[in-house]
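Undergrad: Here's a structure for you.
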Amino acid sequence: MTTGRFNGMRTAGDFARHHWLLQLGEGIILVILGFVAVFMPFAVGIAAFGWLFLIGGATGLITTLVMRRAPGFWWSLLSAVLALGIGVAVFTLPELAIVGFPLLLMAFLLLEGLVTVMLALEHWRELTGRWGWMLASGIVDLSLAAFIIVGLPATAAWTLGLILAVNLIFGGGAMIGMALAAREYPRIRKGEGAL
């Protein structure tokens, strides 16, 4: 009987390979939400953006809890809770969200970028494939936050939807890249002992 950190799976890569479809599904959902954000005019309402955060956060939370033994669990959990928190804030404080959406989005991107970089480093330490996708996604998030900071207070409303779209598409693309790398991870050969 093999035992160890991943309940019989020898490495983080084995664990990720076992759940690659779940990670692929999350990535596809994020990319779809990103394209919705691209074509959704800001005038439609802040509530629509709140729904994007809630759906993305809920998807991330479900995936994170199912894959709770994967590398970077706490970083993934923090990312999902952060997205859910922004979505809840949009609905509970709509007046503040309308006026302060650029600041809310900037804070989200800054924190999400830092969390994503830390998640990438955790995957790198565990030697799972395509951690560079996640690192690139974190750097894009930090760059988008800087773009908002540089443009304040004149950041146009239409750019905020586009910035959120880029965040979702890059984040989803990173998840898809990592899922495809996990799918191709070599399977454990029978007869090998546990680490």
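Undergrad: Given charges of +1 on the Cβ of Lys and Arg and -1 on the Cβ of Asp and Glu, with all other atoms neutral, how large is the dipole of segment 12-182 about its Cα centre, in debye to the nearest 20?
TA: With Lys and Arg at +1 and Asp and Glu at -1, about 240 debye.
Undergrad: Give the order of Val166, Val115 when sorted by the count of other beta carbons within 10 angstrom, beginning with the fewest.
TA: Listed from fewest to most nearby Cβ atoms, that is Val166, Val115.
Undergrad: Please rank Leu77, Leu119, fewest neighbouring Cβ atoms within 10 Å first, as an exposure proxy.
TA: Exposure proxy ranking, most exposed first: Leu77, Leu119.
Undergrad: Under 14 Å from the Cβ of Leu30, count the other residues' Cβ atoms, weight Lys and Arg +1, Asp and Glu -1, and hand me the total.
TA: Result for the neighbourhood of Leu30: -3.
Undergrad: Rank-order 89-102, 58-71 by packing density, defined as the average count of other C-beta atoms within 10 Å over each peptide's residues, highest first.
TA: Ranked by mean Cβ neighbours within 10 Å, highest first: 58-71, 89-102.
The numbers here are math on the coordinates, done by the rules we state, and not lab data. Since we're looking at a predicted model, the values are computed, not measured. When we count neighbours, we look across all protein chains shown, and the Cβ atoms used for this are built from the backbone with ideal geometry, even at glycine.
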